[in-house]
Amino acid sequence: MNAQPQTIVSLVPPFTRDSAILKVRAVEDKWNTRDPKQVAGGYAEDCYWRNRSEFLRGREEVLAFLTRKWSQELEYRLNQGAVVFRRKQDRRSLRLRIA
């Protein structure tokens, strides 16, 4: 076998253009499993979310929210795209468009 070594890409900041695209795809893939435990597990225990008029504190509230959301939204699918990626000195930003 002539296997080519794969480069390991970090999916945490700072991002390059390519790692930003991989990060967006990884998040999209995880969300589209519609597995509340798997998705909520990617957030900090003390995370803070806002979804429209609902405010969530902590991973347990996120888990309950996602369980409720995906039991009602059977055709839900996250589609993200990296709209803007720029580098200004050592700062990078990534803006996501959720369709």
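When Ser19 is tested against the conditions (1) surrounded by 14 or more Cβ atoms within 10 Å (Cβ to Cβ); (2) closer than 30 Å to Leu74 by Cβ; (3) at pLDDT below 90, the lone failure is (2). Identify all residues within region 55-76 that are outside any helix (DSSP H, G or I) and either surrounded by 11 or more Cβ atoms within 10 Å (Cβ to Cβ) or aromatic (Phe, Trp, Tyr) (or both); write none if there are none. Passing the criteria: Phe55, Leu56, Arg57, Gly58, Tyr76.
Considering region 22-41, and only residues there that are assigned to a loop (DSSP other than H, G, I, E, B) and free of Cβ contacts under 8 Å to residues at least 24 places away in the same chain, the residue that is surrounded by the most Cβ atoms within 10 Å (Cβ to Cβ) turns out to be Asp35.
The values are calculated or read from the model by the stated rules, or taken from the named source; none is laboratory data. Predicted model, so just to flag it, every value in this text is computed and none were measured. Please note: Cβ atoms are built from the backbone with ideal geometry, for glycine as well, and neighbour counts cover all protein chains shown.
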